[in-house]
């Protein structure tokens, strides 16, 4: 297991007091180690779980040649360019019932979608293209080619091939694929356990009476939502006051119960330093100043075997640092091989002031303009404590480290929220 010093030595020019977003992400990617504990779950309980081993297809999909639509099946070799073809229908093949008769040259078979294609038949003319007069079926010239509208045995998956790879996060389509193979249970990695608590003497939990100088804790609830969306098992340790004994107990309990610990508050310059001191006392921790806004201060490391993410205290900064750093790191710990969603390009509907030297994240609303292109507009007040503009947004405008001002109509990158917030 690498120490923070080992990883820092691998990164050229590493400076924890002036770290770019890219360098911080690279550091975290080297620090995270996937969990290995597994369990077997039924398909209905497998949504968003991560496969612990490859799933080998026990059957071919489809298991036989079948019709891709309702129509008439026949021997496609009878088609002649620029000539119509007239055939005699000799019966009907239904899905789930194998046709028992024979079909010869000059004949065809009425067939339903999904029905098994009888031996020798390889082409289906859709019913809307065929002219029917009694048992006579006329196919117009050049309406189709030999082999059209037939789904071949194993064209999706062949028996014995890998249907789903280890590390795949099981989304709805994957559940359907498992069911199509007759697979009722799968081996997955257990859920990642993440302990979370807020720090600060001014922080109130819901139900406590408000008093002068106090604020209600919003961070626990947004982080709970973010972790739940990610598929983690969340351990809520509440609000911990800035007292050494209480902080030590909280960190010790979290490290014993969880794979990762997330805190908010106590990592900024000028704040009470009990949180920092306790992190240093109990673990291998680095304190970063990242070239970004919002969310400059951050702590990362280990306490025992648990990974530690010390996030800033401002509500929007917590969410931004989670999306930019923590979400990807936890996904890696979960054993998932899923890649982060790509940034989208959108046209800015307003000018934006930006100086090179840090990455900025603006809350924005992405929509489709009159010309069909994506456009994005900032959602009002961008203060790091303004949650209302985060609620209104559907993504973050990403102004990169070396990027300067953005002119009206200029293109920018956007990180969409869908599936994360």
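Placing a label point 7 Å from the Cα of residue 84 along the Cα-to-Cβ line, the residues of region 140-162 whose backbone N sits under 13 Å from it are 140-143.
Which percent, nearest 5, of DSSP beta bridges in the chain are antiparallel? That works out to approximately 70 percent antiparallel. Springs join every pair of Cα atoms under 10 Å in this Gaussian network model of the chain, and among 338, 130, 249 the largest mean-square fluctuation is at 130. For region 66-151, build the convex hull from the C-alpha positions and give me its volume per residue in Å³. Taking only Cα atoms, region 66-151 has a hull volume of 73 Å³ per residue.
Inter-label distance, residue 252 to residue 224: 2.7 nm, where each label sits 7 Å from its Cα along the C-beta direction.
Spacing of the modelled spin labels on residue 215 and residue 6, each 7 Å from Cα toward Cβ, amounts to 3.9 nm. Scattering from region 1-87 was approximated by placing one identical point on each alpha carbon and applying the Debye formula without solvent; log10 I(q)/I(0) at 0.23, 0.25 1/Å stands at -1.15, -1.25. Here the simple spin-label model places points 7 Å from the Cα toward Cβ, and for residue 26 and residue 349 these points are separated by 3.8 nm.
Which of 32, 415, 279, 1 comes first, and how do the rest follow, when ranked by fewest Cβ neighbours within 10 Å?
Starting with the residue having the fewest Cβ neighbours, the order is 1, 32, 415, 279.
Here is how the number arises for the chain: DSSP H runs of 4 or more residues each give -39500 (n - 2.57), the sum is divided by the residue count, and the result at 222 nm is -5500 deg cm²/dmol.
Each semi-axis of the equivalent ellipsoid for the chain is √(5λ) with λ an eigenvalue of the Cα gyration tensor; in descending order they amount to 58, 27, 19 Å. Semi-axes of the equivalent ellipsoid for region 344-416, computed as √(5λ) from the eigenvalues of its C-alpha gyration tensor and ordered from largest down, come to 18, 16, 10 Å.
Coordinate-derived values only; no laboratory data. It should be emphasised that the depicted structure is a prediction, and the values quoted were computed from it without experimental measurement. Cβ coordinates were reconstructed from backbone atoms using ideal geometry, including for glycine residues, and neighbour counts include every protein chain displayed.
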